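Here the structure is laid out as structure tokens; the discussion comes afterwards.
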Protein chains: 2
Amino acid sequence: MTVRKIERAPLAYDYPLLIKNLLRPPLRYSPQQEIVYKDIIRYNYLTLEKRIARLANLLKDIGIKQGETVGIMDWDSHRYLESFFAVPMMGCVLHTVNFRRSPENLAYTINHAENRVLLINEGLLPLFESVKDQLKTVRKLILLTDDGTRAAAAPEIAGEYEALLSQSDDRYDFPDFDEDAMATILYTTGSTGTPKGVCFSHRQLVMHTYGLMAGFSAYQTRPMVNAGDVYMPLTPMFHVHAWGLPYLFTLMGGKQVYPGKYDPETILNLIATEQVTFSHCVPTLLHTLVNCPTIKEMDMSAWKVIIGGAALSGDLCRAGLERGINLFSAYGMSETGPLLAAAILKPEMEAWDTERQIEKRCRTGLPASMVDLEIVDITGKPIPHDGKSIGEVIVRAPWLSQGYAKDPLKSADLWADGWLHTGDIGFIDPDGYLQVTDRLRDAIKTGGEWIASMELEDIIREHEAVSEAAVTAVPDEKWGEKPLAIVVLRDGYKGKVQEEDIRQFCMKYVATGALPRHGVPEKIAIVDTIPTTSVGKISKKQLKQNLPFNLEDGP
Amino acid sequence: MTVRKIERAPLAYDYPLLIKNLLRPPLRYSPQQEIVYKDIIRYNYLTLEKRIARLANLLKDIGIKQGETVGIMDWDSHRYLESFFAVPMMGCVLHTVNFRRSPENLAYTINHAENRVLLINEGLLPLFESVKDQLKTVRKLILLTDDGTRAAAAPEIAGEYEALLSQSDDRYDFPDFDEDAMATILYTTGSTGTPKGVCFSHRQLVMHTYGLMAGFSAYQTRPMVNAGDVYMPLTPMFHVHAWGLPYLFTLMGGKQVYPGKYDPETILNLIATEQVTFSHCVPTLLHTLVNCPTIKEMDMSAWKVIIGGAALSGDLCRAGLERGINLFSAYGMSETGPLLAAAILKPEMEAWDTERQIEKRCRTGLPASMVDLEIVDITGKPIPHDGKSIGEVIVRAPWLSQGYAKDPLKSADLWADGWLHTGDIGFIDPDGYLQVTDRLRDAIKTGGEWIASMELEDIIREHEAVSEAAVTAVPDEKWGEKPLAIVVLRDGYKGKVQEEDIRQFCMKYVATGALPRHGVPEKIAIVDTIPTTSVGKISKKQLKQNLPFNLEDGP
């Protein structure tokens, strides 16, 4: 005996979850609500619908067929929003091209995704020219300009976007098709190796949109987003569909503001003039904005911001809150849609004092609605949510990428036993908030468990003599791996504090249970500087070079 | 060339949309939030999860297998909520038995749904006894009592619910299965013929829950529902899962209050003591509550109510608003999950004056998120949303019943050309609000279009001499059908106003375009009383009997 499938009538019709259905509600609820692009364009949802139809007709007219891929290279704009809908709705695949990569990688992704047409901002034409000879599939360019003029008369340019739109029909009968149809493709940056193509289906993007709605509108007594909010993205639209929020704000019929390139003065000016209330950005950009002189004269108390892409520090969170900004951390990756967790406050936490709130707001996040999230040990067994036991973060959700395009081997690495393996490790606190502590590849696998190198670094930095610390794994016959610590001392301590002092300091944490005995670094190197990458992160790769001792020696 | 299906990795895992996933968020966001049953029981979501596991174990222990049907006969209770989850989550089908029907129909539905076990309130045992001999599939009863005692020792009674729960394990590994698996079955009342079984799958119930969330939390600047609300149903849980709202409030982790039988004093008392902020009910019950002496001393300004099941009148809406109640109409049917439309105010309408708001609040509704709703003419062509052209209401949504259980013929009637035919006719106003004016079978099909009998009745009632009016269709060779009007005159007008006066009065509406020429009743009968059904509705069936003229005669 098994579960009973629902009986279907002969004429019954399955309702597929398609992106076009996200566009219907705003036309009913708030057709006059605005879409704004800088101080250049402003139109309502009725016009958005017509422009989406025009774009689909334009693409059809230049020969694009269902199943083919259309790429877009633009900064955040109304045009980008239009492509989010028109391209998948006609049954094609939208490639949101990340143009901030090496020319080789750029050409690779455009070829790999088999882009037939590129919608390209005129400002990116020099970049296109530099890779043009390597492109194998692009037949036509459509030029995106802010003033409607056509920059160059190169033969591959089909025309200027606005001019072409104005010649196209404003009605298009968008067809129904299978909800598993591919809608978008984007490429992970991947610090090493070739970029990997992450694909999303219509069903996945629709479910992700409702997941965002649940996560940000239903669980709080003062919802983070609703139809009254004014949205402006501050993570690029090529980066996992600006975290899916343009789809959510369209579904809710909210006002949307697109800022083009991220210039701090333009951003602050748009926040003030368009009364922006909701954004998402990386810590670096928030840091720049919070330290902008202009912000001092502004009332930021209506602004709500989700921080992702990197950890939100307590200091930055505090600085934001002091300016009146309601902000918290969120978590995800390209492969996950991206929403996995958001550090929204539970209703009872809204009454907590600021410092206690900051601890939660800076957590990686509380798993979102429809996300199953677990932390598991090396054997795959779930571990307790005690705020200290760390394990690998594995997830399930209706919108997770099913694998990488044309790459079954890497896809198989991503999934195991029905769970997507994030490659992050961390703990879950007793309130249910995840704290990612490390990338799995940077963690130390010792004695059958993981030790987060960042956690150990934090412990060592507690020593009064230490100004910087970095921890990495070295192979160990008995334990599998053991931690290696690289330490820079503060001025005045050099020559006075030895490796053994640091080791003894760590032993105190063994006594309290915060660190296992074999988690104490046996090898500690006191050095003058710690190598960092071009973006300021500790370079774990270079750590093991130029050490003042041989790694094969005993401690 | 067709759309591209998403590529799947070998180990990839589809995430099915299952009811069990609705239960996870409250355990994360508000595990301590309460479920309350009258003044008898109160527990939190952690306990709810355990009790759901206990119920599943209990059912498994008495031999229920996946695919089998479990019936429940109870008034609104925490037990009912537990069955909403436990039964479908174990892969069984929950039959929410409507016990307010004739014993023959009751036995028919229990047999037709093949119930193996009945969870039955002890107060309904006499009803069970009256149909017991007709039941063919029920093997065991589980007795639902408020005091935990076991009423009778009849052999078919497996035990009392609380006693059995307490003996069961509080962990159950609810399996994954196909999201199209059948979750619930309920029977439409259907004034004629045998009841029809309407089935819903896990996917449909999950999507309906997110549809409710979108409709009631995202589109308004002051959301109708969120996690801070306290929910109490006032339409029975056997009536289309209490409109699906127990699933929504569980997903949101809100406080839920179950009132048992609908006794006005108990209801008002619970609203006051539990601080209920959100309910749904039929106009009759709201009318009773608003006219209850107790309500005069109560502050009702936090209460939000969705009205459905019958039209919300302007007078009742006004009376509710005067008590501070925020209320509006919603629309759906058993076959539609039920949500199709809700007359929520658009953001800009929140500033309108009360009378203008009442007009919108009493509309049938604005189509909900994920609902495609059209009005079509007799040929199936969509008609304009001009606030007067009427057509049949047809719908699509991800949660519509795919047909009736074991009844392919009636199922085929329900669906045509991929749309579910509601059997209602009405118009859509320029703001997009649907107004249902009639049941299709009561409408007059004349000259290739429909005339709503209720609309014509309203026109005739405008005449100063008319106290009551009823309109029905009679066959007409030239026009297909023509309206027949039955009129009761006010005292003092009898003998002074003739049929021809009424006809001439209707002609004025032809002049304004509100009524087509052939919509004017040629046959009008002035009578002493209009026949009504047992619930006070006009009996259109009996209208044509006992007329003062022969229907075959000319006017």
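A crude spin-label estimate for the pair B:ALA272 and B:THR221, with each label 7 Å from Cα along the Cβ direction, gives 3.5 nm.
Taking only the C-alpha atoms of the stretch B:159-237, the Rg (one decimal) and the largest Cα-Cα distance, Dmax (whole number), read 18.0, 49 Å.
With the simple model of a label 7 Å out from the Cα in the direction of the Cβ, B:THR149 to B:ASP501 spans 6.7 nm.
Extension gain for B:LYS296-B:GLU129 works out to 55.9 nm (0.36 nm per residue, less the C-alpha to C-alpha distance).
Grouping the Cα pair distances of the stretch A:141-185 into 5 Å bins from zero gives a pair-distance distribution of 5, 18, 18, 13, 15, 17, 9, 5 percent in increasing distance order. Using all pairs of distinct alpha-carbon atoms, the Kirkwood hydrodynamic radius of the stretch A:200-282 works out to 13.3 angstrom. The Cα atoms of chain B cover 77, 63, 53 Å along the three principal axes, with the biggest extent listed first.
Relative to the compact-globule scaling 2.2 N^0.38 Å, provide the ratio for the alpha-carbon radius of gyration of the protein assembly as shown.
1.04
Computed from the Kirkwood radius of its Cα pairs, the Stokes-Einstein diffusion coefficient for the stretch A:86-155 at 20 °C and 1.002 mPa s stands at 166 µm²/s. Distance between the modelled labels on A:ARG490 and A:ASP353, one decimal in nanometres: 2.6 nm (7 Å Cα→Cβ projection).
Among A:ASP413, A:ASP14, the sequence by solvent-accessible area, most first, with a 1.4 Å probe is A:ASP413, A:ASP14.
With everything on Cα atoms, drop me the angle between helix B:45-61 and the longest principal axis of chain B, reported from 0 to 90° to the nearest 10. That helix lies at roughly 80 degrees to the long axis. Note that the stretch A:425-466, at 4 °C in a medium of 1.567 mPa s, gets a Stokes-Einstein diffusion coefficient of 114 µm²/s from its Kirkwood radius over C-alpha pairs. Net charge in the neighbourhood of A:ARG363 (other residues with Cβ under 11 Å of its Cβ; Lys, Arg +1, Asp, Glu -1) is -1.
Compute the long axis of helix A:499-512 from its Cα atoms, compare it with the longest principal axis of the Cα atoms of chain A, and write down the angle in degrees, 0 to 90, nearest 10. Relative to chain A, helix A:499-512 is tipped by roughly 80 degrees. Evaluated at q = 0.23 Å⁻¹, a Debye calculation over the C-alpha positions of the stretch A:108-212 (equal weights, vacuum) places log10 I(q)/I(0) at -1.21. Among B:THR532, A:THR266, B:THR235, the sequence by solvent-accessible area, most first, with a 1.4 Å probe is B:THR532, A:THR266, B:THR235.
Over every Cα atom in the stretch B:1-160, the radius of gyration and the widest Cα-Cα span, Dmax, amount to 18.8, 68 Å. The largest accessible area among A:HIS239, B:HIS241 belongs to the first residue in A:HIS239, B:HIS241, and the rest follow in falling order (1.4 Å probe, all chains). Compared with the dominant principal axis of the Cα atoms in chain B, helix B:78-89 is inclined by about 80°. Mean sequence separation of contacting Cα pairs (under 8 Å, at least six apart), scaled by the length of the stretch A:443-543, corresponds to a relative contact order of 27 percent.
P(r) for the stretch B:448-543, from all Cα pairs and a bin width of 10 Å, is 16, 51, 29, 4 %, short bins first.
For chain A, relative contact order (Cα pairs under 8 Å, six or more residues apart, normalised by length) works out to 9 percent. The residues neighbouring A:GLU34, those whose beta-carbon lies less than 11 Å from its own, together hold a net charge of +1 under the Lys/Arg +1, Asp/Glu -1 convention.
Accessible area buried by the pairing of A and B, both sides summed with a 1.4 Å probe, works out to roughly 7100 Å². When the convex hull of its Cα atoms is viewed from all sides, the stretch A:300-417 shows a mean projected area of 9.1 nm².
The values are calculated or read from the model by the stated rules, or taken from the named source; none is laboratory data. From a predicted model like this one, the values you see are computed outputs, not experimental measurements. Note that each Cβ is placed from the backbone with ideal geometry, even for glycine, and that neighbours are counted across all protein chains shown. For accessibility, only protein heavy atoms count, side chains too; no ligands or nucleic acids. Shrake-Rupley method; radii C 1.70, N 1.55, O 1.52, S 1.80 Å.
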